[in-house]
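Take a look at the structure below.
The values are calculated or read from the model by the stated rules, or taken from the named source; none is laboratory data. As the structure is a prediction and not an experimental result, all values here were calculated from the model. Cβ placement follows ideal geometry from the backbone for every residue including glycine, while neighbour counts extend to all protein chains displayed.
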Amino acid sequence: MTFQAPVREAGLRAALKAVTHREYRQIEAVTDLSFHLHAGEVVGFLGPNGAGKTTTMKILSGILHPTSGDVSVLGFTPWQRRREYLRQIALIRGSQPIGGPTELTVMDSFKYQRVLYDVPRTDTTVDDLVDLLDLGNLLRRQIRALSLGEKMRAGLAMALLYRPKVLFLDEPTLGLDVLAASALRRFVAEYAASTGATILLTSHYMTDVETLCERVILIDRSRIRYDGELAALTAKFAENPSLDVVMERLYRDGIPS
Ligand SMILES: Nc1ncnc2c1ncn2[C@@H]1O[C@H](COP(=O)(O)OP(=O)(O)OP(=O)(O)O)[C@@H](O)[C@H]1O
């Protein structure tokens, strides 16, 4: 995936010049990335800032059309954005936990989502999610007035009320307090176990990865550096350091052979 990004020098003169004459630079966000996920796996998708994780997630969920390459998820090409595809997947981003109009109450957002995804009125998934995510007190509140953690819980319920088979979780615990983060991890683990969903998870919090993922795919500068068991990766370090330290070394020095 190559982006064409506008660039300009600093200063007012450069800003004025850019009005009539824009310069662009090619930015390779994802290159030569190839992997396969098995149904029901929860896989950590890791890499330093700017490695290309979010770009990949956006491609997989059909938001971005890559400049080259092939992708197949559940037999669909994501960027064709077929209805049958979008009904089976969800992208959940910690940096933007809820889409849609923020003036709506949480309850109205659920109703709206139900209509969008043809979830029958008789389906009790939303009631289950309200219980599991402790959303009872939030139902009559406007989305825009919720705290980040509350938005995340409501956003998760919105994304899961049509029971997607594939979840792309992009930094789902970003900004959550320790209790909220561990509740979210428990919830994701239970969702995966009870539905058999396939999950690709990015996170900079190694507790998320250790708790949820047996396999990790590590990318750096848009290329895959490791794809395999998390345990085998940490075993490369004889003194058995914490996963935070392992990742710090890998991001800095590369993968030991
Ligand atoms: N819309 C865009 N236009 C231009 N460049 C972009 C755009 N989106 C991403 N990039 C660039 O692509 C590269 C990969 O970005 P991406 O957001 O995928 O990284 P990431 O691995 O998710 O990083 P982080 O851990 O910081 O969230 C970065 O260099 C980024 O600046």
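Residues in the stretch 30-52 that are within 13 Å of the ligand (Cβ to nearest atom) and in contact with an Asp or Glu (Cβ under 7 Å, 6 or more places away or on another chain): GLY47, PRO48, ALA51.
Pairs linking a residue in the stretch 51-69 that is at positive phi to a residue that is in a loop (DSSP other than H, G, I, E, B) and modelled with pLDDT of 95 or more, with Cβ atoms under 8 Å and 6 or more positions apart or on different chains, are GLY62/ARG81. Of the helices (runs of 4 or more DSSP H) lying entirely inside the stretch 150-257, those containing at least 1 residues that are touching a Gly at 6+ places or on another chain (Cβ under 7 Å), within 14 Å of the ligand (Cβ to nearest atom) and within 30 Å of PHE3 (Cβ to Cβ) are 206-212.
Of all residues in the stretch 90-113, at least one satisfies being within 16 Å of the ligand (Cβ to nearest atom) and among the polar types (S, T, N, Q). Residues considered: LEU46, LEU91, LEU37. Of these, the only one that is in the same structural domain as ALA192 (by TED's automatic domain parsing), out of contact with any His (no Cβ under 6 Å at 6 or more places or on another chain) and surrounded by fewer than 20 Cβ atoms within 10 Å (Cβ to Cβ) is LEU37. For the residues LEU161, LEU146, the requirement of being of a type outside the set (Phe, Trp, Tyr), within 26 Å of GLU103 (Cα to Cα), modelled with pLDDT of 95 or more and crowded, with 18+ Cβ neighbours inside 10 Å singles out LEU146.
Any residue in the stretch 214-236 that is in the same structural domain as SER147 (by TED's automatic domain parsing), in contact (Cβ under 8 Å) with a residue 12 or more places away in the chain and under 24 Å from GLY149 (Cα atoms)? If you could, list the steps in order and put the result at the bottom.
Step one: filter the stretch 214-236 for residues in the same structural domain as SER147 (by TED's automatic domain parsing), giving 214-236.
Then drop every residue that is not in contact (Cβ under 8 Å) with a residue 12 or more places away in the chain, which leaves 214-231, 233-234, 236.
If we keep only those that are under 24 Å from GLY149 (Cα atoms) as well, we get none.
Scanning the stretch 214-236 turns up no residue that is in the same structural domain as SER147 (by TED's automatic domain parsing), in contact (Cβ under 8 Å) with a residue 12 or more places away in the chain and under 24 Å from GLY149 (Cα atoms).
Would a scan of the stretch 111-118 turn up a residue that is assigned to a loop (DSSP other than H, G, I, E, B), in the same structural domain as GLU84 (by TED's automatic domain parsing) and within 28 Å of PRO78 (Cα to Cα)? Yes, that holds for at least one residue.
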